[in-house]
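One structure is given here, and the rest of the page talks about it.
Values quoted throughout were computed directly from the atomic coordinates according to the rules given, and no laboratory measurement underlies them. Since this is a predicted model, take the numbers as computed values, not measurements. Ideal geometry is used to build each Cβ from the backbone, glycine not excepted, and the neighbour counts take in all protein chains shown.
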Amino acid sequence: QCINDGFLQDIPIVKTFVGIFKTGRNIQDLLFFNKLIEFLSNLKDVDVDKRRKMVAQIDGSGQYQLKVGEKLLYILDRCEDHEKAGYIARLFKCFINEEINYFYFNIIVDLVNNMPTAILQSFLSIDIDAPHKIKREMAELYIRYGLMYSAIHIQTVGPDGKIEDDNGAELTGVA
């Protein structure tokens, strides 16, 4: 505020930095607005009364310190792009439709926000009936981000002397 009103505004270099800061803030606001629009557009087919009921239930429980609306703003602010905001909206729909509870909604949102969008998109395109076709490098990434798990399997020697084993890659129930 003192820069806008004071003598510092008259110094060319300060004026330049103030302009750059304002431009950066405007860009951040625009990007956040795009995420918010994406989130809301993915919720347009959700019954408003049902949405209000679920939000009121969480807000009134006293179990969580943040109100749902405030929490959603923090979540959207952390999204790296508007595509993730769309994924978050779909998860919120699952919460509203009581397919997941609020606790799991928050956990899955953290998983989604802590992985690159490209990995999430790749995972969502997997043929869930053929997890054995996933390349090892991708399976390792999915495991790292909590989308898959790797189990330890005991190798056995069959009657013909061959080692019998499977790859141990299995999809979790997160997707």
Quick one: length gained pulling residue 127 to residue 98 fully straight, 0.36 nm per residue minus the C-alpha distance?
7.9 nm
With label points set 7 Å from each Cα along the Cα-to-Cβ direction at residue 80 and residue 135, the distance between them in nm comes to 1.8
Given the options 106, 87, 142, identify the residue whose Cα lies farthest towards the positive end of the charge dipole of segment 85-154 (+1 on Cβ of Lys, Arg; -1 on Cβ of Asp, Glu).
142
Which of the residue pairs 44/67; 35/71; 53/84; 84/133 have a Cα-Cα distance greater than 19 Å in the structure shown?
44/67; 53/84; 84/133
What nm value, rounded to one decimal, do you get for the distance between residue 150 and residue 107 when each label is placed 7 Å out toward the C-beta?
2.2
